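This report concerns only the one structure given below.
Just so it is clear, none of the values below were taken in a lab; they were calculated from the coordinates. Since we're looking at a predicted model, the values are computed, not measured. Don't worry about glycine lacking a Cβ; one is built from the backbone with ideal geometry, like all the others, and counts go over all protein chains shown.
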């Protein structure tokens with residue numbers, strides 16, 4: 001049977017951070033795992049933000065320009081996060097990824113992060 005929904009193709013073993021994670025540790029984890037970003041969740045597992053490579057670049061600016069280093073993920077993460085429902089169809093997901101130029105999107109159910117889905121996941125599903 002071919003996958004038809006986000007739930008069928010999403011990744012569930014994710015790199016995540018908490019708002020209190022030190023941003024330098026988060027950058028190291030992203031670089032070591034070759035990820036361009038990761039979801040940020042609170043102690044209840046609710047999605048509260050995304051930390052992307054672009055967000056991390058702000059730490060470089062602060063370090064080089066202001067002489068400051070570090071801070072917490074909450075100081076740099078994006079909080080206006082687009083998410084998808086696990087029941088969304090793959091065709092709708094593909095259109096959304098294409099139109100919005102997202103690489104990946106968090107999958108949220110009842111406010112909780114349950115996975116992440118990427119352009120590559122869609123391409124694998126249609127092979």
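Descriptive notes on the structure:
- Between residue 127 and residue 79, the contour length at 0.36 nm per residue exceeds the Cα-Cα span by 13.9 nm.
- Debye log10 I(q)/I(0) at q = 0.16, 0.20, 0.22 Å⁻¹ for region 1-81, Cα point scatterers: -0.62, -0.87, -1.00
- Between residue 29 and residue 11, the simple label model (points 7 Å from Cα in the Cβ direction) yields a spacing of 1.3 nm.
- Estimated FRET transfer efficiency when R0 is 25 angstrom, pair residue 57-residue 120 (beta carbons, to 0.05): 0.60
- The angle between the Cα long axis of helix 90-100 and the main principal axis of the chain comes to about 40°, on a 0 to 90 degree scale.
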